[in-house]
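Structure first, commentary second.
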């Protein structure tokens, strides 16, 4: 699956879970478990509770995804 096949959602980080996972509440009232993408880890971009983020979610499993952008 390529990057352009992923669904782009926007939401707010509600809770920081262990192991780099975060609970994100999207605009359409869906809760997604997200992990920082490799580029965000590489450039040491910090994401905290209350930050607005963009999440890339697979169409096959919409319960978790990659955090790709912080607004």
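Return the pair list, or none, for Cβ contacts closer than 8 Å from residues in the stretch 15-37 that are in contact (Cβ under 8 Å) with a residue 12 or more places away in the chain to residues that are in a helix (DSSP H, G or I) and surrounded by 15 or more Cβ atoms within 10 Å (Cβ to Cβ), at least 6 apart or on different chains.
none
Tell me which residues, restricted to the stretch 22-60, are more than 18 Å from residue 2 (Cβ to Cβ), touching a helix residue (DSSP H, G or I) at 6+ places or on another chain (Cβ under 8 Å) and assigned to a strand (DSSP E or B).
Answer for the stretch 22-60, where residues must be more than 18 Å from residue 2 (Cβ to Cβ), touching a helix residue (DSSP H, G or I) at 6+ places or on another chain (Cβ under 8 Å) and assigned to a strand (DSSP E or B): 35, 36.
For the stretch 6-14, state whether one or more residues are farther than 16 Å from residue 70 by Cα, surrounded by fewer than 15 Cβ atoms within 10 Å (Cβ to Cβ) and free of Cβ contacts under 8 Å to residues at least 40 places away in the same chain. Give the derivation first.
First, pick out the residues of the stretch 6-14 that are farther than 16 Å from residue 70 by Cα: 6-7.
Next, from what is left, pick out any that are surrounded by fewer than 15 Cβ atoms within 10 Å (Cβ to Cβ): 7.
Restricting the remaining residues to those that are free of Cβ contacts under 8 Å to residues at least 40 places away in the same chain gives none.
The answer is no; no qualifying residue exists.
So for the stretch 61-69 (the condition being outside any strand (DSSP E or B) and either in contact (Cβ under 8 Å) with a residue 40 or more places away in the chain or crowded, with 17+ Cβ neighbours inside 10 Å (or both)), does at least one residue qualify? Working first, answer last.
Taking the stretch 61-69 first, the residues outside any strand (DSSP E or B) are 61-63.
Keeping just the survivors that are either in contact (Cβ under 8 Å) with a residue 40 or more places away in the chain or crowded, with 17+ Cβ neighbours inside 10 Å (or both) gives 62.
There is at least one residue in the stretch 61-69 that is outside any strand (DSSP E or B) and either in contact (Cβ under 8 Å) with a residue 40 or more places away in the chain or crowded, with 17+ Cβ neighbours inside 10 Å (or both).
No lab work stands behind these numbers, since they all come straight from the coordinates. Just so we're clear, the structure is a prediction, and the values are computed from it rather than from any experiment. Don't worry about glycine lacking a Cβ; one is built from the backbone with ideal geometry, like all the others, and counts go over all protein chains shown.
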